[in-house]
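Derivation of every value follows stated rules applied to the coordinates shown; laboratory data play no part. Everything numeric here is computed off the predicted structure, so don't read it as measured data. Here Cβ is always computed from backbone atoms with ideal geometry, including for glycine, and neighbour counts include all displayed protein chains.
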Amino acid sequence: MESPFKAEILKGKVGLITGGRSGIGFEISTQFGKHGASVAIMGRRKQVLQAAVSALQSLGIHAVGFEGDVRKQEDAKRVIEPTFKHFGQIDILVNAAAGNFLVNAEDLSPNGFRTVMDIDSVGTFTMCHEALGYLRKGGHGRISTSGGPILNISATLHYTASWYQIHVSAAKAAIDSITRSLALEWGTDYNILVNGMAPGPIADTPGLSKLAPDEIKIQAREQLPSFHIGDKWDIAMAAVYLVSDAGKYVNGTTLVVDGGNWLYRPCRLP
């Protein structure tokens, strides 16, 4: 699909995307690159990371990849610092790394709950915390009058309640809270815009393939308000909007991009 944005809307920008090696994160990385940005992607698996970087480079995108676990502060530093050294600047941070699996609350161990909380919410805060010094500075270490935007990927699970997703719902609720708090503090102190985005069910993503059996996907297409499952492109276009000058007066909000699907909840999943 053709982008509604100018091809160079992100020209000269450098974006760091966690979870950028697959799914929604990879599509965001791709569209940032197609709109003029250079991108660094962070992931835990070296082979998958290298394949993603090669795919981006094949599109003419200036891309690099760095191994790291968002749960570890030392890894966050180890990715952010070489990203800055490689490009000379970091202008955009996207936190798209996430963990998920289906489980009854009674069968979910505290360790399983903690793991998802650590990846999603603690990881989001850790990356924001370590990137702050770079996002609030220009390429030569000067304090900028306009800091780089932060985009945190959330979900709609916790807006009502979702079957077998108590751990993920808690983690995404925490991300939304982190987004609002940082928008208030860093928007005031450094003019850094901090926003979130809550995708709905998105086709051809690891999340949908793991969490939604085929019969649920068919049911969704028949019963959800938008009558279809979204595409990764839909999420990436919303991301381009939020981190570009088009979204320069949006701060502290979580944009729902799901066609209104969060308004519907089946009474029970098999």
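For the chain, the longest stretch holding no chymotrypsin sites (Phe, Trp or Tyr not before Pro) located in a DSSP loop with at most 11 other Cβ atoms within 10 Å is which? Provide the component values of the computation, followed by the final result.
Working: sites that count: Phe227, Tyr249.
With a cap of 11 other Cβ atoms within 10 Å, the longest stretch comes to 1-226.
At 0.36 nm per residue, minus the direct Cα-Cα distance, what do Glu106 and Lys72 gain on full extension? Give it in nm, one decimal, please.
9.4 nm
For the chain, what is the number of Lys pairs with C-alpha distance below 15 angstrom, counting only pairs 8 or more positions apart or on separate chains?
Close lysine pairs under the 15 Å cut-off: 9.
Using amide H atoms built 1.01 Å from N in the peptide plane, name the residues 5+ places from Ala198, or on other chains, whose amide H lies under 5 Å from its own.
Ser154, Leu255, Val256, Val257
Under 10 Å, Cα contacts only: if you run a Gaussian network model on the chain, which one of Glu106, Glu130, Glu67 comes out with the highest mean-square fluctuation?
Glu106
What residue among Gln47, Gln73, Gln57 has the largest mean-square fluctuation in a Gaussian network model of the chain, using Cα springs under 10 Å?
Gln47
Give a residue-ordered list of calculated ³J(HN,Hα) values for segment 119-128 (Karplus: 6.51 cos²θ - 1.76 cosθ + 1.60, θ = phi - 60°; whole Hz; x for Gly, Pro).
Along segment 119-128, the couplings run 5, 6, 8, 5, x, 4, 5, 4, 5, 4 Hz.
Rg (Å, one decimal) plus Dmax (Å, integer) for the alpha carbons of segment 14-257?
That works out to 17.3, 55 Å for Rg and Dmax.
Nearest 0.05, what FRET efficiency do Arg114 and Gln47 give at R0 = 25 Å with Cβ-Cβ as r? Could the numbers behind the result be given before it?
Details: r = 27 Å, r/R0 = 1.09.
With a Förster radius of 25 Å, E is 0.35.
Gly20's amide H: which non-local residues (gap 5+, or another chain) put their own amide H closer than 5 Å, with H modeled 1.01 Å from N in plane and none for Pro or chain starts?
Residues meeting the criterion, in which the H sits 1.01 Å from N, are Met42.
Quick one: what are the phi-derived ³J(HN,Hα) couplings along segment 241-256, Karplus 6.51/-1.76/1.60 with θ = phi - 60°, whole Hz, x for glycine and proline?
So the J values, rounded to whole Hz, are 4, 5, 9, 9, 5, 4, x, 5, 10, 10, 8, x, 10, 10, 7, 7.
How far apart, in nanometres, would the label points at Ser181 and His62 be if each is projected 7 angstrom from Cα along the Cα-to-Cβ direction?
So the two model labels end up 3.6 nm from each other.
Roughly how many nanometres apart are two label points built 7 Å out from the Cα toward the Cβ at Ser3 and Tyr164?
Using points 7 Å along Cα→Cβ, the separation is 3.8 nm.
Residue by residue through segment 71-79, what is 3J(HN,Hα) from phi via Karplus (6.51 cos²θ - 1.76 cosθ + 1.60, θ = phi - 60°)? Round to whole Hz and write x for glycine and proline.
6, 10, 4, 5, 6, 4, 5, 5, 8
Can you list the residues, at least 5 places off or on another chain, whose amide H is less than 5 Å from the amide H of Gly68, using H built in the peptide plane?
Gly43, Arg44
Rounded to the nearest 5, what is the percent of antiparallel bridges among the DSSP beta bridges in segment 14-257?
Looking only at bridges with both residues in segment 14-257, the antiparallel portion is about 5 percent.
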